[in-house]
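Just so it is clear, none of the values below were taken in a lab; they were calculated from the coordinates. From a predicted model like this one, the values you see are computed outputs, not experimental measurements. Backbone-built Cβ (ideal geometry, glycine too); neighbour counts: all protein chains shown.
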Amino acid sequence: MLSIGVFGEAKQATRLASNLSDAIESHQWAANVRVNDPCDLNFLIGLSSLTSENQDWRTHLVSAGLPFHVLYGLPDECLNQAIGVIDWQLEKDDVIARKPMLAGKPWVWLCDKCSDPVCEHRLLSDLIAARART
């Protein structure tokens with residue numbers, strides 16, 4: 001069973017956790033949701049203005065070395081983002097359970113869908129360096 005942690009300001013985290021629980025039940029997924037409690041899969045509600053409580057949770061998750069996904073937007077948008085991540089996580093776990101040899105392989109990113117500037121800079125720098133060597 002996948003455990004899901006929702007972090008953020010208490011009122012918003014509780015509302016999202018409740019909505020996620022309803023969605024999990026309707027999808028018949030094997031998962032449970034907890035508020036402000038580290039789990040297998042963690043979500044941090046990103047706010048348009050960074051509050052001290054939100055920053056405290058972010059600092060806590062980072063310092064504890066816990067991976068987390070930041071959800072932005074209106075409550076329905078945050079819910080849809082979380083559902084997408086949960087669906088992907090459960091599908092990935094199912095594939096690994098059926099094909100254990102995949103468990104140790106790192107994720108391969110699709111560069112045309114990536115928006116990581118550090119990665120892009122490294123890729124372009126390597127291409128320029130390779131061109132200069134030839």
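Tell me, LYS92, LYS11 in order of fewest to most beta-carbon neighbours within 10 Å?
Going from sparsest to densest Cβ surroundings: LYS11, LYS92.
Using 1/(1 + (r/R0)^6) with R0 = 35 angstrom and r between the beta carbons of MET1 and THR59, what's the FRET efficiency to the nearest 0.05?
Here the calculated transfer efficiency is 0.75.
Treat each spin label as a single point 7 Å out from the Cα along the C-beta direction, and report the ASN36 to LEU123 distance in nm.
4.0
Please give me the summed charge of the neighbours of LEU127: other residues whose Cβ is under 13 Å from its Cβ, Lys and Arg +1, Asp and Glu -1.
Once all neighbours under 13 Å are counted, the net charge is +1.
Taking the beta-carbon count within 10 Å as an exposure proxy, list THR134, THR59 from fewest neighbours to most.
By the 10 Å Cβ count, ascending, the order reads THR134, THR59.
Between ASP116 and SER21, what FRET efficiency comes out of the Förster formula 1/(1 + (r/R0)^6) with R0 = 35 Å and r the beta carbon distance, rounded to 0.05?
0.60
What is the order of ARG133, ARG34, ARG122, fewest Cβ neighbours within 10 Å to most?
ARG133, ARG122, ARG34
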